[in-house]
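Note sheet for the following structure.
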Amino acid sequence: MTAELMEAIAGPAGAATSPWAVRTARPDEYDRVGEVTYLGFGHGEPGATQPDAERLALLRGAAARAAAGDLLVAVDDSGAILGTASLLRADSALVRQSRDGEVELRLLAVLPEARRRGIGEALMREALGRAHAWGAPALVLDTGPQNERSQRLYHRLGFERLPERETIPASRGGYLAVFRVPFG
């Protein structure tokens with residue numbers, strides 16, 4: 001494992017301890033995880049567009065995502081779920097970018113009121129560590145082409161953009177931006 005990847009997983013030396021923990025979601029939390037995913041993608045905001053039935057089923061379908069890999073949650077000291085991410089094995093029907101055994105991260109979502117506190121980054125670091133521990137050759141993900149804040153995070157964590165794999169149309173125009181970090 002490279003030093004850069006080790007830092008991406010562990011965080012920089014001297015990083016402050018966070019007031020939340022990242023762990024695997026429990027089955028009794030799946031409904032709340034689905035709600036956090038829905039809200040994290042902005043669908044609960046006043047005047048927000050609503051997802052079509054297929055997308056809504058994906059956002060709310062935490063149990064299916066858990067069965068396809070590992071459903072991560074960031075929880076505060078009281079156990080409240082602040083964010084979530086789905087780490088999917090390559091053979092899952094839910095992956096859309098994975099190739100050749102790559103683990104795929106989907107539906108990284110943080111509640112609007114919990115943003116800008118490092119929760120998304122903590123979820124990403126945990127996903128990197130778990131995907132590496134699974135023995136995957138890489139972790140891959142996609143995001144909206146205008147999602148510059150997330151793209152900066154992915155670059156900071158060692159991901160490289162793969163324009164040659166950007167073939168899925170984004171909902172707001174253009175194509176989903178694909179990012180990958182290799183573990184070898």
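The values are calculated or read from the model by the stated rules, or taken from the named source; none is laboratory data. Note that this is a predicted model, so its numbers are computed, not measured. Quick reminder, even Gly has a Cβ in these numbers, built from the backbone with ideal geometry, and neighbours come from all protein chains shown. Protein only, heavy atoms only, side chains kept; ligands, DNA and RNA dropped before computing areas. Shrake-Rupley method; radii C 1.70, N 1.55, O 1.52, S 1.80 Å.
Please calculate how many Å² of accessible area segment 51-110 carries per residue, with a 1.4 Å probe and no DNA, RNA or ligand atoms counted. With the other protein chains kept in place, segment 51-110 gives 41 Å² per residue.
If you add up the charges near L123, with Lys and Arg at +1 and Asp and Glu at -1, over every other residue whose beta carbon is less than 13 angstrom from its beta carbon, what do you get?
+3
Here the Karplus relation 6.51 cos²θ - 1.76 cosθ + 1.60, evaluated at θ = phi - 60°, turns the backbone of segment 87-102 into coupling constants of 9, 10, 6, 4, 8, 6, 5, 8, 6, 10, 10, 4, 9, 6, x, 5 Hz, with x for every Gly and Pro.
How many percent of DSSP beta bridges within the chain run antiparallel, rounded to 5? Numbers along the way, then the final one.
Numbers: 26 of 29 bridges.
Here the share of antiparallel DSSP bridges comes out near 90 percent.
A simple spin-label model places pseudo-atoms 7 Å from Cα toward Cβ; at R32 and A53 they are separated by 3.0 nm.
Protection proxy ranking for 108-121, 130-143, using the average of other Cβ atoms within 10 Å per residue and placing the highest first: 130-143, 108-121.
Shape class of the chain from the Cα gyration tensor (axes a ≥ b ≥ c, square roots of the eigenvalues): rounded, since a/c falls below 1.5.
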